[in-house]
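Engineer: Could you have a look at this structure, given as structure tokens, before my questions?
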Amino acid sequence: MDEHEIRETYRAMYRAMIAGDWPALERLHAPDFTLTHMSGKKQTRQAYFDDMACGNLNYYAEEPVSIDVTVKDDRSVLIGRSKVTAAVYGGAARVWNLRQDMELEKTDIAWRFTRSVAHPF
């Protein structure tokens, strides 16, 4: 059951990113969440959300390729590969082959992302 919930959390994350659904994004990402971009730039949850809110990061579509999940107690590692249509930091929209190595923690209510490191695939 946990693996299914974690995969759905990954899918919900992309739906929220595309829709600009800030309440959902806040529920899905732990307050201490960090994202390391393909460039190596590391952001806090707030800095990442700010970049989406001001238009530096624009997500338009996502097509999942694979979602691999490992669960140990209340922790999980997810490796998600998706074709993501996005425009980043002033560039034109394009399809990115994006791999995210993500860590999650189970809270009283749901699984939440605590860390993500992005890579091309």
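What follows draws every value from the coordinates through simple rules; no lab data is involved. Treat the numbers as computed from the prediction; the structure is a model and nothing was measured. FYI the Cβ positions are ideal-geometry reconstructions off the backbone, even for glycines, and counts take in every protein chain you see.
Engineer: Determine Rg/Rh for the stretch 53-121; Rg is computed over alpha-carbon atoms and Rh is the Kirkwood hydrodynamic estimate from the same atoms.
Structural biologist: Rounded to two decimals, Rg/Rh equals 1.05.
Engineer: I need the calculated FRET efficiency for the pair Lys42 and Ala110, taking r as the beta carbon distance and R₀ as 25 Å, to the nearest 0.05.
Structural biologist: 0.50
Engineer: Give the whole-number value, in cubic angstrom per residue, of the convex hull volume spanned by the C-alpha atoms of the stretch 2-120.
Structural biologist: Dividing the Cα hull volume of the stretch 2-120 by its residue count gives 92 Å³.
Engineer: Once both labels are modelled 7 Å past Cα along the beta-carbon direction, what's the Arg94-Arg81 spacing in nm?
Structural biologist: The two pseudo-label positions are separated by 2.0 nm.
Engineer: Another question about this same structure. Got a sec? Which residues in the stretch 59-93 would a label at Glu3 touch, if it sits 7 Å along Cα→Cβ and we count backbone N under 11 Å?
Structural biologist: Hits in the stretch 59-93 for Glu3 at 11 Å: 68-71.
Engineer: With the dipole of the chain worked out from charges on the C-beta (+1 for Lys and Arg, -1 for Asp and Glu) around the Cα centre, which of Ala118, Gly91, Trp22 lies farthest toward the positive end?
Structural biologist: The listed residue farthest towards the positive side: Gly91.
Engineer: How do Ile109, Ile79 rank when sorted from fewest to most other Cβ atoms within 10 Å of their own Cβ?
Structural biologist: Ordered from fewest to most neighbouring Cβ atoms within 10 Å, Ile109, Ile79 come out as Ile109, Ile79.
Engineer: Can you give the relative contact order of the chain as a percent, counting alpha carbon pairs under 8 Å and 6+ residues apart?
Structural biologist: Relative contact order here is 25 percent.
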